[in-house]
Amino acid sequence: MNKFTFLKSDRSNIQTVVASGLLLVTISILDVLLNSFFKINLLSFLPSKISFFSPLIIGLIGFHLIRIEYSGNKYLDILNKNINTTTFNAILTLVIIFLVIKALPPSLSWMILDANISGDSKDACTGSGACWTYIKVWFRRFMYGMYPNEQHWRINTAFILVIALGTFGLFATEKMKKYLALYYVFIYPIMAFLIIYYLISGGYFGLEWIETGAWGGLSLTFIVSFFCLIFCFPLGMILALGRRSSLPAVRYISIGYIEFWRGVPLITVLFMSSVMFPMFLPEDFFMDKLVRVIIAITLFEGAYCAEVIRGGLQSLPRGQYDAAKSLGMGYWKMHIFVILPQALKLVIPGICNTFLALVKDTPLIFVVGLAEIAGMLALAKTNPKWLGFAMEGYIFASIIFWIICYAMSKYSYNLEAKYKTER
Amino acid sequence: MKFRLLAYLFFFIGFADLFVKIFYGNIFSDLTEDYYEIANPILVFTPVIFFSIGGIFLKESKVSMSLENFGTTRIKYYSPQFICLSLVVLIFLFFTFNAQMNMENRGIDFGFSFLQQEASFDMQFSLMDYDGQDPYWWAYVVALLNTLLVAFLGIIFCTIIGVIVGIARLSPNFLIRNTAAWYVEFFRNIPLLLQIFFWYYAALRALPLPQDASPLFGVTYLTIKGYYMPAFLWNNLNVFVYSVIAAIISIILIRYYAVKLRDTEGKQLPVFYISLIILIVLPALTFLVGGVSLNFEIPVLKQLSATSYIYDGGIAVPPELIALTLALSLYTATFVAECVRAGIQGISKGQKEAAASLGLNTNQVLKLVIMPQALRIIIPPTTNQYLNLTKNSSLAAAIAYPDLVLVFAGTALMQTGRAIEIVSITMLTYLSISLAIAALMNWYNKSIEIKEK
């Protein structure tokens, strides 16, 4: 290795080594950059196979040269520590940089530069890029489904009212805080249901009756996940307590229930709610499809909720139970005042994950014929006037769902930090 | 002891019941008319009920009256249980009664005899021979195999991607760490159904038509109509299979011997290389000695009509399967990656340092100290994810991949109109897969548990 002493970098020749190393890295990145953005190949004089790999090789030599431990330069040390620890790491670093540079121009030009958003028919889309006109024209359908256009204010008002009622807890005074749990578990769901029933469904107060078949789009996603979310939590709590009960019959019923729902896929549950469940009801008893779906998802997610809450109950030290019992508390008093408040705090992240899964599961109601956003996309995709824009539609829906779910998961981290108590 | 005997008795009755129901139809249909009318729909579930009663007895035989209930009065102990049980029974009876009335009104009778009828629908893709003249039960088996195929492929790919991403998330390299983190955040926050739709309707539709496709790796073609691969034509396949089995058995023996050698004499055998050599050499020998030979059937472009082309010969992987496998593995890999990360992070630094101070090298530290402990944390949640993947594979119905849900709970249900029977069979199938894996997992967990005093 003595031959290559000039390649061996240390602090003595730092000036030359760093200068030449950075130059090589810059050349390699510049080559890829020019190649992908302007179709200029700096190294075209080399044979094609070598010129394909040449940026990698040049960049690698450059990274090798600047890999100096304790160089004394703060920025160089940070660089080396983070992306240039070994040769293998340097290769991966270069590959990632190159891939990003290579992928940028086509995706940029597809999504923004060559894309169209003007106009209101397919003819406006002439470029080779995405046709956002499609999203613009169908936007209301994706949001509200087949709900009549002039009635959309009803959905908006209902949502605003429900959210406003939900923020009630933030303004509660010390005196009212005692009743907050009662409010959120019993009063709030009923009020929300009444608001949604009277405002969105209509039929009263001079509002036009709109059947649930016409509901759809993202608003339906919200309605379904909201109700399932509200109802599955108490159900899960009861089941979790049942599974931890010392009474064998209660315990086995809970275990059977939880394991049954956790063992089947949601899609078969939805199939059951739409084809098998009506057989189990009296003949003249009609239940709306949407209600059936909400019940099905609630029963399904309740089992998952129960397992999460059970985890929290199990992680409480036994001393808490013993202490509560020794104070003379009965079963319910012990759980409501001592066990559950502590256990529920512990399971906040788990519960949030369950709710996240619930929101992500709602597009599945598409299989029983409810046109939620995935269903509306399928409808728009097959519209003869708007053929061939599947990509735009799915990207749009994915972005919306990603924002919702990402925000929820970040919020759950905040909640977790907020309720963290010293143990 | 009494309880245990009762448990076995109930298991036996359950099995006998199931057996009779599958092969001879409903045994109870010969009973009196009145009984038949009330109880018929509930009879589907009798094997399940027998099994669960047996299970309860088995469990109770191990646990006697626990200390928890010491001092509780009898009334407090029995009345809630009685109320719960009667509630459940009432709900069941209500549903059964309604189902009975509804079926009577619609003139449907109940039973599984339809499974013997001719299915008379076609499946686009199947692993076994299937055509419309086969009975429904064969359609069920073929569809179940399709489901298991997609689950199997998904599990393999999601494990590969998940392990790589999970390790990458702990990389010292800033770029790799963040790329992996963004991959996880991106793919797990988009509903799986949308991802499947995206791959199937948007991404795979952008592939070339069969006549325009350029070969991938020389002999395979990725087209809008699917992925065409050469098929393997074996001579004396059985000899080859025996040689592979022999290789696997010898590897297991060598591993066992290596562990023994390590424990008794402290010597390390290069087990991995030895296994690799055996796995390559033994099957290769059969080509030279055993008369095994392998030919490839390469797909050839064939014209169907003026504009329609197709590849003939070889193996055709339908686009539905590709889209489903891609979406399932990319989605589940994010969760597997998190499990892997949590497992590796869960090992305290002291373990690594202690192992290094004993003089083990980096590979030995990883193999003998870190991995055995990390796997203990990684495997249970990962199995859970595999189970989720298997259940999620039922989304295949949305893009018309002929899996259990689409074929059986979809087409067969439409044709026969037997909602209760078919939905129950479908749910019980998934349930038994889940419970079987869960039972396996519990057993595994017990066996690797750290035994403390």
- [ ] Scan (1) closer than 28 Å to B:Gln117 by Cβ; (2) more than 10 Å from chain A (Cβ to nearest Cβ); (3) free of Cβ contacts under 8 Å to residues at least 60 places away in the same chain for the single condition B:Asn361 breaks and write down its number.
- [x] (1)
Open item on the list: Scan segment A:150-159 and tell me whether some residue there is in contact with a Leu (Cβ under 9 Å, 6 or more places away or on another chain) and either aliphatic (A, V, I, L, M) or farther than 30 Å from A:Pro363 by Cα (or both).
Closed with: yes
Open item on the list: Looking at segment B:208-223 only, could you name the residues that are surrounded by 18 or more Cβ atoms within 10 Å (Cβ to Cβ) and in a loop (DSSP other than H, G, I, E, B)?
Closed with: B:Ala213
TODO: Hand me the list of helices (runs of 4 or more DSSP H) wholly inside segment B:300-400 holding 1 or more residues that are within 16 Å of the chain's Cα centre (by Cα) and within 19 Å of B:Pro191 (Cβ to Cβ).
DONE: B:319-345, B:371-392
Open item on the list: Please verify whether A:Cys228 is crowded, with 22+ Cβ neighbours inside 10 Å, within 25 Å of A:Met334 (Cβ to Cβ) and in the same structural domain as A:Ile404 (by TED's automatic domain parsing), treating the condition exactly as stated.
Closed with: no
Task: Those residues of segment B:98-134 which are surrounded by 14 or more Cβ atoms within 10 Å (Cβ to Cβ), within 19 Å of B:Arg418 (Cβ to Cβ) and either within 11 Å of chain A (Cβ to nearest Cβ) or free of Cβ contacts under 8 Å to residues at least 40 places away in the same chain (or both), in sequence order - done: B:Asn98, B:Ala99, B:Gln100, B:Met101, B:Asn102, B:Met103, B:Ile108, B:Phe110, B:Leu115, B:Asp134
Open item on the list: Looking at segment B:312-333, can you tell me whether even one residue there is free of Cβ contacts under 8 Å to residues at least 24 places away in the same chain and of a type in the set (D, E, K, R)?
Closed with: yes
TODO: Looking for whichever is surrounded by 21 or more Cβ atoms within 10 Å (Cβ to Cβ) and within 29 Å of B:Asp109 (Cα to Cα) here; the options are A:Leu313, A:Leu266, A:Leu239. Which one fits?
DONE: A:Leu266
Task: Considering residues of segment A:382-393 that are assigned to a helix (DSSP H, G or I) and within 16 Å of A:Lys136 (Cβ to Cβ) only, the residue nearest to the other protein chains (Cβ to nearest Cβ) - done: A:Met391
TODO: Return the total of residues in segment A:90-103 being more than 10 Å from every other protein chain (Cβ to nearest Cβ), over 10 Å from A:Leu56 (Cα atoms), hydrophobic (A, V, I, L, M, F, W, C) and touching a helix residue (DSSP H, G or I) at 6+ places or on another chain (Cβ under 7 Å).
DONE: 1
Open item on the list: Out of the residues in segment A:399-408 meeting the condition of being surrounded by fewer than 19 Cβ atoms within 10 Å (Cβ to Cβ) and facing another protein chain (nearest Cβ under 7 Å), tell me which one is nearest to A:Leu364 (Cα to Cα).
Closed with: A:Trp402
Open item on the list: What's the total number of residues in segment A:90-129 that are outside any helix (DSSP H, G or I) and surrounded by 13 or more Cβ atoms within 10 Å (Cβ to Cβ)?
Closed with: 8
Task: Number of positions in segment B:425-440 that are more than 8 Å from chain A (Cβ to nearest Cβ) and either over 13 Å from the mean Cα position of the chain (by Cα) or among the basic types (Lys, Arg) (or both) - done: 3
Open item on the list: Being within 12 Å of chain A (Cβ to nearest Cβ) and outside any helix (DSSP H, G or I) is the filter here; which residues of segment B:401-421 pass it?
Closed with: B:Asp403, B:Gly417, B:Arg418
Task: Total residues in segment A:222-252, condition hydroxyl-bearing (Ser, Thr, Tyr) and either touching a Pro at 6+ places or on another chain (Cβ under 7 Å) or in contact (Cβ under 8 Å) with a residue 40 or more places away in the chain (or both) - done: 1
Task: Residues being more than 7 Å from every other protein chain (Cβ to nearest Cβ) and of a type outside the set (S, T, N, Q) - total across segment A:263-282 - done: 5
- [ ] Only residues that are more than 7 Å from every other protein chain (Cβ to nearest Cβ) and in a loop (DSSP other than H, G, I, E, B): list them for segment A:228-262, please.
- [x] A:Arg244, A:Ser245
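The values are calculated or read from the model by the stated rules, or taken from the named source; none is laboratory data. Keep in mind that what you see is a predicted model, and the values were worked out from it rather than measured. Backbone-built Cβ (ideal geometry, glycine too); neighbour counts: all protein chains shown.
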